[in-house]
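Q: Quick one: the structure is below, and I'll ask about it shortly.
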Amino acid sequence: MLGEYSLAEVAIFCVIVVAALLVDLFAHKSDEAISLKNAAIWSVIWVSLGLGFAAYVGLTHGREQSYLYLAGYLLEKSLSVDNLFVFMAIFSSFSVKDEYQHRVLYYGIIGALILRLIFVAAGASLLALFDKWALTAFGLFVLWSAWKMWQESQKPDDEIVDYTHHWAVSLAGKVMPVSNRLDGHNFFTKIDNRWHLTPLFLCLVTVEVADVMFAFDSVPAIIAITQEPFLVYTSNIFAILGLRSMYFLLAAAKRYLCHLEKSVIIILAFIGLKMLVQVFANIHIKPMYSLAVVIGLLAFGVIGSIVFPEKPEKPEDSEKPETPEGGTK
């Protein structure tokens, strides 16, 4: 499993990751929406950690190993862009407030650390057993998410209070006790002296499932670059550690750019169709082309928001000042 890397180097990697996660948790311990500035700073921190580890690999094992790590890191970064938009759709589906999203993604990353290790240990051959079925199911789920997100965008921004009829609560409620209401940022809540899952926990599970589905694509791609398990895992993890900050950059931008959500919906549809085309037509869109499509669509959303800003709502007629005769000016 370790190849030419030692247990001491595995320990160094674990210490770096755990320390960074603890600092991240302390820095975001309060339930507050992540600002654009904060997301940008943390994006720089995570990228610096990833590149710094590449320098360490180069110093201890030579340039070739460092290049292999960097190739895996950059590939995972480009493939992970799709995750951002699926996470946004999931949060929209569960109507999760901005201030709770960091908590969900934080614990989602911890789960991903374990699941990605299992994937790397299993190798591409085991993943291939479920590859087509998983991609088909998830491709359809992403298309459905795009449709639901479009429907929600046409409605007023009403917060979900009662989750009784939410699809996740309905499904999970058949096998375990689930609360039909959020309890702050808690994943579990006690009702009548009995523990229940909250809709926020179901959102976390959905995020984890999304990460597993994307691992079907990204882990084999990195294994194709290098078969060194340590490099596959470390490049994978350092890439997805910075994914949350990239997500909050996008989420913060969406709050200021009125047409960016439309671009996100189109990107989601593209991601879903890309997966289905890969399964049924055996057409694999290269990460470079996929990333170019995503960047292009985002650019349209940003430019469209600047050129065609949202018009302020007109005051209601009832709010217009009355004339002495009882009419309106």
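Q: Which one is nearest to Ala55 (Cα to Cα), of the residues in the stretch 1-43 that are hydroxyl-bearing (Ser, Thr, Tyr) and surrounded by 15 or more Cβ atoms within 10 Å (Cβ to Cβ)? Write out each step before concluding.
A: Restricting attention to the stretch 1-43, the residues satisfying the condition of being hydroxyl-bearing (Ser, Thr, Tyr) are 5-6, 30, 35, 43.
Adding the requirement that they be surrounded by 15 or more Cβ atoms within 10 Å (Cβ to Cβ) leaves 5, 43.
Values: Tyr5: 15, Ser43: 18 Å.
Of everything passing the filter in the stretch 1-43, Tyr5 is nearest to Ala55 (Cα to Cα).
Q: Shifting gears a bit: Could you tell me whether the stretch 3-12 includes any residue that is modelled with pLDDT under 85 and not hydroxyl-bearing (Ser, Thr, Tyr)?
A: Quick first cut of the stretch 3-12, residues modelled with pLDDT under 85 only: 3-6.
Subset that is not hydroxyl-bearing (Ser, Thr, Tyr): 3-4.
Yes: the stretch 3-12 contains one or more residues that are modelled with pLDDT under 85 and not hydroxyl-bearing (Ser, Thr, Tyr).
Q: A further question on this structure: Residue by residue through the stretch 57-101, note down the ones that are in contact (Cβ under 8 Å) with a residue 24 or more places away in the chain and among the aromatic types (Phe, Trp, Tyr).
A: Tyr69, Tyr73, Phe85, Phe87, Phe91, Phe94, Tyr100
Q: Looking at Asp98, is it in contact with a helix residue (DSSP H, G or I) (Cβ under 9 Å, 6 or more places away or on another chain), modelled with pLDDT under 80 and of a type outside the set (Val, Ile, Thr)?
A: Numbers: in contact with a helix residue (DSSP H, G or I) (Cβ under 9 Å, 6 or more places away or on another chain): yes; modelled with pLDDT under 80: no; of a type outside the set (Val, Ile, Thr): yes.
So Asp98 fails the test.
Q: A further question follows. Every residue in the stretch 190-246 that is outside any helix (DSSP H, G or I), surrounded by fewer than 20 Cβ atoms within 10 Å (Cβ to Cβ) and of a type in the set (D, E, K, R), please. Before the answer, list the steps.
A: So in the stretch 190-246, the residues outside any helix (DSSP H, G or I) come out as 190-198, 226-228, 242.
In the following step, the residues that additionally are surrounded by fewer than 20 Cβ atoms within 10 Å (Cβ to Cβ) were identified as 190-196, 226-227.
Within the stretch 190-246, Lys190, Asp192, Arg194 meet the criteria.
Q: May I ask you to list pairs of residues, at least six apart or on different chains, whose Cβ atoms are under 6 Å apart, with the first in the stretch 225-240 being farther than 18 Å from Glu4 by Cα and the second being of a type in the set (A, V, I, L, M) and surrounded by 24 or more Cβ atoms within 10 Å (Cβ to Cβ)?
A: Every condition considered, the pairs that remain are Ile240/Ala112.
Q: Quick check on Ile271: is it surrounded by 16 or more Cβ atoms within 10 Å (Cβ to Cβ) and at pLDDT 85 or above? It would help to see each step written out before you state the result.
A: On the way: surrounded by 16 or more Cβ atoms within 10 Å (Cβ to Cβ): yes; at pLDDT 85 or above: no.
No: the conditions fail for Ile271.
Q: Let me ask something additional. Of a type in the set (Lys, Arg) and either part of a helix (DSSP H, G or I) or in contact with a Ser or Thr (Cβ under 9 Å, 6 or more places away or on another chain) (or both): which single residue out of Lys29, Lys77 fits that description? I'd like the intermediate steps shown before the answer.
A: Values: Lys29 fails: either part of a helix (DSSP H, G or I) or in contact with a Ser or Thr (Cβ under 9 Å, 6 or more places away or on another chain) (or both).
Just a single option satisfies the conditions, and that option is Lys77.
Q: If you go through the stretch 274-284 one residue at a time, do you hit one that is under 19 Å from the mean Cα position of the chain (by Cα) and farther than 30 Å from Lys37 by Cβ? Lay out the reasoning, then the answer.
A: Step one: filter the stretch 274-284 for residues under 19 Å from the mean Cα position of the chain (by Cα), giving 274-275.
Those left that are additionally farther than 30 Å from Lys37 by Cβ: 274-275.
Yes: the stretch 274-284 contains one or more residues that are under 19 Å from the mean Cα position of the chain (by Cα) and farther than 30 Å from Lys37 by Cβ.
The values are calculated or read from the model by the stated rules, or taken from the named source; none is laboratory data. Everything numeric here is computed off the predicted structure, so don't read it as measured data. Neighbour counts are summed over all protein chains in view; Cβ atoms, including those assigned to glycine, are modelled from backbone coordinates with ideal geometry.
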